[in-house]
Amino acid sequence: MEEEEEEEQVATEPPKIHRLDESVVNRIAAGEVIQRPVSAVKELVENSLDAHSSSINVVVKDGGLKLIQVSDDGHGIRYEDLPILCQRHTTSKLSSFEDLQSIKSMGFRGEALASMTYVAHVTVTTITKGQLHGYRVSYKDGVMENEPKACAAVKGTQIMIENLFYNMSARRKNLQNSADDYSKIVDLLSRFAIHHTSVSFSCRKHGAGRADVSSVATISRIDAIRSVYGVSVARSLMKVEEALDNDPSSSVFQMDGFISNSEYVAKKITMVLFINDRLVDCTALKRALEIVYAATLPKAAKPFIYMSIVLPPEHVDVNVHPTKREVSLLNQEVIIEKIQSVVESRLRSSNETQIFQEQTVEPPSSSQMISSKDSNRNPTPSGSKSQKVPVNKMVRTDSSDPAGRLHIYLHAESRGHLEKNTSLTAVRSSVRQRRNPKETADLSSIQELIADIDSNCHSGMLDIVRHCTYIGMADDVFALLQHDTHLYLANIVSLSKELMYQQVLRRFAHFNAIQLSNPAPLKELIVLALKEGDTDPESTENDELNEKIAEMNSELLKQKADLLEEYFSIHIDKDGNLSRLPVILDQYTPDMDHVPEFVLCLGNDVDWEEEKKCFQVISAALGNFYAMHPPMLPNPSGDGLQFYQKRKLFRNNEGSLSCNTGADDMMTEDEIEHELVAEAETAWAQREWSIQHVLFPSMRLFFKPPNSMATNGTFVRVASLEKLYRIFERC
Ligand code: ADP
Ligand code: MG
């Protein structure tokens, strides 16, 4: 009665604090350690590994809810230890907290078995060396249910978990409804099997004749991968290795692994990561590698990666996650960066050996390089830039338009069509290559140009570029960056120009292509460019001369079409139309307003006789074309809006002066203005998006800033605030 009265008062009184029942505490804790059947399997297999087993066999019934049975041939459990085996915090692996610093075993908390007894029925059968028989005993809520019974046993330990979550109905229902954990268990065992190659693993469903994972102990990692993941996966893997044992920054580590090449195409990334022999997740590393793949092998952007990293144990904190699924590393950023660059150069060098390797041309998918977090933060125009550009925009040469503006030809065509096209090109190229091997082998000039970039790289600026935080655009050309405690203004146009140039050389002959929806006639483009250069674009004085120059230049480029196509993926059809351009950075398409200038430059400036010079000038011309120039339409969000208002005013005046311009006309003029403002807004927003999400991430990965940039105003230090916090999130 009294209690009831107390309850009625609770609205105003603070609720009473009381100690939870031990059994409730344990069950709550157990639910954290054993989140689902696969987590129980992981704990059990890790215990078997800790017991130095050479064979581990798993049997699963009903996705693990009915039965999980793990048998090993390890050292077994002493009879005297059986009474406390399943109590919380009983372990043979750790004594003092300091031991954690050098722990080699997977387990250390003495929690796993105990947890299982709070959420399932646990039976242990075990035999230790030299014993004639083993013991079997069952546990519930941390304690033995009966005295251990002598029984026949083979070497090692068998642990049976029955009716998992029998006392957690919500969890059990959830799991029953969700896809069965069996595939997760198979995946887990596959991962263990390719790392612990000296142990043989098997995993089967209860009652099934065939095992779904079955590996035999082997000395070769690649053999293990082949037997677990199949021949086709193993065939497309390359070895990677890196050892930094004496690094002054104390990021000492060893890494070795296998990573997929351009032939491995999958829907999802598979990343099997072991850090100090622990199977863990490291989202930051995974994402870093995904970025490298998206940038170097766009078609094979979802790789298979097996990687083992070994660090001094004191550099790894293993005690940061309830299921030990994550660890935290000292110098994580440095390590990730090093690994990223090893993987990148491995991918590049493999690419180089396959000069005419076939790559699908497809519109770069927007999700490749942005995390969902990023895209949420930026609902601005273009997750998917190329798709959003109107399909049927045509060349506009209306003189009322801002001088020389060209409308975008760009349009991502249906994938099927493009694929057909490129495989054709690739076939043609490889035929050509076979006929004339010299043609492709003799590209030392490209190697020289790349070497020039490397040797001319400014190390101080490299550090800034790699580690800076992009804050935002300060004006149309300069971006504000933070590096350590310094603020810099960086000229986006020169940076992007140089980056594009460098990327052209690196992707040389391996470009994906951007298809133009409307092939653009070279001759007209050149005329347009020449007119732009004229002092008075309205005059017709030079027209004839311009026509002639344009004619000659476009003929010349038609003759060079093979070279342009083969090495730069610049396609010129037989009628002299430009119809395809290279992808220099994934997810980035250039501003087509700069096409005329580019074509003129190709026609005028390239010395086609000397190979190195020729490649260099074409690459630089592409660099200039693809650079992130401010859009030609003034930025409507700043002073630029005047530009649009002025035009409106002008139109209105004109309208009222000439009475025969009807009201209808005025309406249309008005609409065009809005359209133009909207277009300008889109162009500016897209550019800003590209700067943040394409330019900066790519610069971090690939850019080698030339020495000249240190002094030519590309980077200007504007503030040095020793105690500035990094309040701006890294992008
Ligand atoms: P932890 O692994 O953190 O020590 P567990 O609850 O997983 O805690 O296991 C408790 C103890 O039981 C281990 O320290 C180990 O001595 C023993 N043990 C568990 N599984 C096995 C096994 N398969 N073979 C031998 N000993 C085992
Ligand atoms: Mg354990």
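Applying the selection to segment 613-634, what residues are farther than 11 Å from Leu505 by Cα and either open to solvent by 40 Å² or more (accessible area, probe 1.4 Å) or under 30 Å from the mean Cα position of the chain (by Cα) (or both)?
Within segment 613-634, Lys613, Ala621, Asn624, Phe625, Tyr626, Ala627, Met628, His629, Pro630, Pro631, Met632 qualify.
Checking Val60 against (1) under 21 Å from Arg136 (Cβ atoms); (2) under 35 Å from the mean Cα position of the chain (by Cα); (3) within 12 Å of ligand 1 (Cβ to nearest atom): exactly one of these is not met. Which one?
Status for Val60: all satisfied but (3).
List pairs: first in segment 483-494 and over 22 Å from Arg687 (Cβ atoms) and free of Cβ contacts under 8 Å to residues at least 60 places away in the same chain, second open to solvent by 20 Å² or more (accessible area, probe 1.4 Å) and among the acidic types (Asp, Glu), Cβ under 8 Å, 6+ apart or cross-chain?
Qualifying pairs under 8 Å: His483/Asp463.
The rows are residues; the columns are (1) more than 20 Å from Val137 (Cα to Cα); (2) among the hydroxyl-bearing types (Ser, Thr, Tyr); (3) in a helix (DSSP H, G or I).
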| residue | (1), (2), (3) |
| --- | --- |
| Val24 | yes, no, yes |
| Lys42 | yes, no, yes |
| His52 | yes, no, no |
| Gly76 | no, no, no |
| Glu80 | no, no, yes |
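Do we find that Lys338 is in a helix (DSSP H, G or I), within 19 Å of Ser262 (Cβ to Cβ), out of contact with any Gly (no Cβ under 7 Å at 6 or more places or on another chain) and open to solvent by 30 Å² or more (accessible area, probe 1.4 Å) in this structure? Break it down stepwise before answering.
On the way: in a helix (DSSP H, G or I): yes; within 19 Å of Ser262 (Cβ to Cβ): no; out of contact with any Gly (no Cβ under 7 Å at 6 or more places or on another chain): yes; open to solvent by 30 Å² or more (accessible area, probe 1.4 Å): yes.
No.
Within segment 40-71, which residues are in contact with a helix residue (DSSP H, G or I) (Cβ under 9 Å, 6 or more places away or on another chain), open to solvent by 20 Å² or more (accessible area, probe 1.4 Å) and within 13 Å of ligand 2 (Cβ to nearest atom)?
Hits for segment 40-71 are Lys42, Asn47, Leu49.
Sort out for me the helices (runs of 4 or more DSSP H) sitting completely within segment 138-235 that have 3 or more residues that are surrounded by 15 or more Cβ atoms within 10 Å (Cβ to Cβ).
Numbers: elements: 169-177, 182-195, 221-229, 231-235.
The qualifying helices (runs of 4 or more DSSP H) are 169-177, 182-195, 221-229.
Output the number of residues of segment 105-122 satisfying the condition of being open to solvent by 10 Å² or more (accessible area, probe 1.4 Å) and more than 13 Å from ligand 1 (Cβ to nearest atom).
Qualifying residue count, segment 105-122: 1.
Surrounded by 15 or more Cβ atoms within 10 Å (Cβ to Cβ) and within 16 Å of ligand 2 (Cβ to nearest atom): is that true of Val33 in this structure?
Answer is yes for this residue.
Considering only residues that are in a loop (DSSP other than H, G, I, E, B), more than 23 Å from Glu688 (Cα to Cα) and open to solvent by 10 Å² or more (accessible area, probe 1.4 Å), which ones fall in segment 552-610? Can you show your working first?
Let us first name the residues in segment 552-610 that are in a loop (DSSP other than H, G, I, E, B), namely 560, 569-570, 573-576, 583-591, 606-610.
In the following step, the residues that additionally are more than 23 Å from Glu688 (Cα to Cα) were identified as 560, 569-570, 573-576, 606-610.
Once the filter is applied, which keeps residues that are in a loop (DSSP other than H, G, I, E, B), more than 23 Å from Glu688 (Cα to Cα) and open to solvent by 10 Å² or more (accessible area, probe 1.4 Å), segment 552-610 yields Lys560, Ser569, Asp573, Lys574, Asp575, Val606, Asp607, Trp608, Glu609, Glu610.
Scan segment 73-92 for residues that are open to solvent by 20 Å² or more (accessible area, probe 1.4 Å), within 13 Å of ligand 2 (Cβ to nearest atom) and touching a residue at least 60 places away in the same chain (Cβ under 8 Å) and jot them down. I'd like the intermediate steps shown before the answer.
To start, the set of residues in segment 73-92 that are open to solvent by 20 Å² or more (accessible area, probe 1.4 Å) comprises 73, 75, 77-81, 83-85, 87-92.
Now drop any that are not within 13 Å of ligand 2 (Cβ to nearest atom), which leaves 77, 85, 88-92.
Within segment 73-92, Ile77, Arg88 qualify.
Does any residue in segment 96-115 that is closer than 12 Å to Val318 by Cα and aliphatic (A, V, I, L, M) come within less than 8 Å, Cβ to Cβ, of a residue that is open to solvent by 60 Å² or more (accessible area, probe 1.4 Å) and more than 12 Å from ligand 1 (Cβ to nearest atom) six or more places away or on a different chain, and which pairs are these?
If the second residue must be open to solvent by 60 Å² or more (accessible area, probe 1.4 Å) and more than 12 Å from ligand 1 (Cβ to nearest atom), the pairs left are Met106/Asp277.
Considering only helices (runs of 4 or more DSSP H) fully contained in segment 455-535, which possess at least 3 residues that are open to solvent by less than 10 Å² (accessible area, probe 1.4 Å) and not aromatic (Phe, Trp, Tyr)? Before you say what the answer is, go through the steps one by one.
On the way: elements: 459-467, 492-507, 522-533.
Output list reads 492-507, 522-533.
Only one of (1) in contact (Cβ under 8 Å) with a residue 12 or more places away in the chain; (2) on the phi > 0 side of the Ramachandran plot is not met by Val216, so which one is it?
(2)
Just checking, how many residues over segment 267-289 are under 21 Å from Leu695 (Cα atoms) and either among the polar types (S, T, N, Q) or without any contact (Cβ under 8 Å) to a residue 24 or more places away in the chain (or both)?
We begin by selecting, within segment 267-289, every residue under 21 Å from Leu695 (Cα atoms); these are 284-289.
Keeping just the survivors that are either among the polar types (S, T, N, Q) or without any contact (Cβ under 8 Å) to a residue 24 or more places away in the chain (or both) gives 286.
Residues that pass the stated criteria total 1.
So the check is Cβ under 8 Å with 6+ separation or different chains; which pairs have a first residue in segment 599-620 that's without any contact (Cβ under 8 Å) to a residue 24 or more places away in the chain and a second one that's in a helix (DSSP H, G or I) and of a type in the set (D, E, K, R)?
Note: pairs meeting the criteria are Asp607/Lys613; Val617/Asp605.
Being near ligand 1 (Cβ under 7 Å from one of its atoms) and among the β-branched types (Val, Ile, Thr) is the filter; apply it to segment 71-92 and report the residue that is nearest to Arg204 (Cα to Cα).
Ile77
Can you find a residue in segment 33-50 that is among the small types (Gly, Ala, Ser), farther than 19 Å from Val280 by Cα and within 16 Å of ligand 1 (Cβ to nearest atom)?
Of all residues in segment 33-50, those among the small types (Gly, Ala, Ser) come to 39-40, 48.
Filter again for farther than 19 Å from Val280 by Cα, leaving none.
No: segment 33-50 contains no residue that is among the small types (Gly, Ala, Ser), farther than 19 Å from Val280 by Cα and within 16 Å of ligand 1 (Cβ to nearest atom).
Residue check: is Glu673 modelled with pLDDT under 85 and open to solvent by 80 Å² or more (accessible area, probe 1.4 Å)?
Numbers: modelled with pLDDT under 85: yes; open to solvent by 80 Å² or more (accessible area, probe 1.4 Å): no.
Considered against the rule, which asks whether it is modelled with pLDDT under 85 and open to solvent by 80 Å² or more (accessible area, probe 1.4 Å), Glu673 comes out as no.
Test Gly130 against the stated conditions and say whether it is within 16 Å of Thr157 (Cα to Cα) and more than 12 Å from ligand 1 (Cβ to nearest atom).
On the way: within 16 Å of Thr157 (Cα to Cα): yes; more than 12 Å from ligand 1 (Cβ to nearest atom): yes.
Judged against the criteria, Gly130 is a match.
Can you tell me which of Ser95, Ser102 is open to solvent by 20 Å² or more (accessible area, probe 1.4 Å), more than 15 Å from ligand 1 (Cβ to nearest atom) and among the small types (Gly, Ala, Ser)? Full working, then the answer.
On the way: Ser95 fails: more than 15 Å from ligand 1 (Cβ to nearest atom).
Checking each option against the conditions leaves just Ser102.
Which one of these is polar (S, T, N, Q) and either part of a loop (DSSP other than H, G, I, E, B) or within 22 Å of Ala170 (Cβ to Cβ) (or both): Ser92, Ser71? Before the answer, list the steps.
Working: Ser71 fails: either part of a loop (DSSP other than H, G, I, E, B) or within 22 Å of Ala170 (Cβ to Cβ) (or both).
Going through Ser92, Ser71 in turn, the sole match is Ser92.
Restricting attention to segment 422-454, report how many residues are assigned to a helix (DSSP H, G or I) and modelled with pLDDT under 75.
First, the residues of segment 422-454 that are assigned to a helix (DSSP H, G or I): 422-435, 437-441, 444-454.
Now restrict to residues that are modelled with pLDDT under 75: 422-435, 437-441.
The total comes to 19.
Going by the structure shown, is Lys129 within 16 Å of ligand 2 (Cβ to nearest atom), assigned to a loop (DSSP other than H, G, I, E, B), open to solvent by 20 Å² or more (accessible area, probe 1.4 Å) and in contact (Cβ under 8 Å) with a residue 40 or more places away in the chain?
Details: within 16 Å of ligand 2 (Cβ to nearest atom): no; assigned to a loop (DSSP other than H, G, I, E, B): yes; open to solvent by 20 Å² or more (accessible area, probe 1.4 Å): yes; in contact (Cβ under 8 Å) with a residue 40 or more places away in the chain: yes.
No, not satisfied.
The values are calculated or read from the model by the stated rules, or taken from the named source; none is laboratory data. On a predicted model such as this, the values are computed, not experimentally measured, just so you know. No Cβ is skipped: glycine too gets one built from the backbone with ideal geometry, and neighbour counts run over all protein chains shown. Accessible surface is based on the protein model in full, side chains and every heavy atom, while ligands, DNA and RNA are left aside. Shrake-Rupley method; radii C 1.70, N 1.55, O 1.52, S 1.80 Å.
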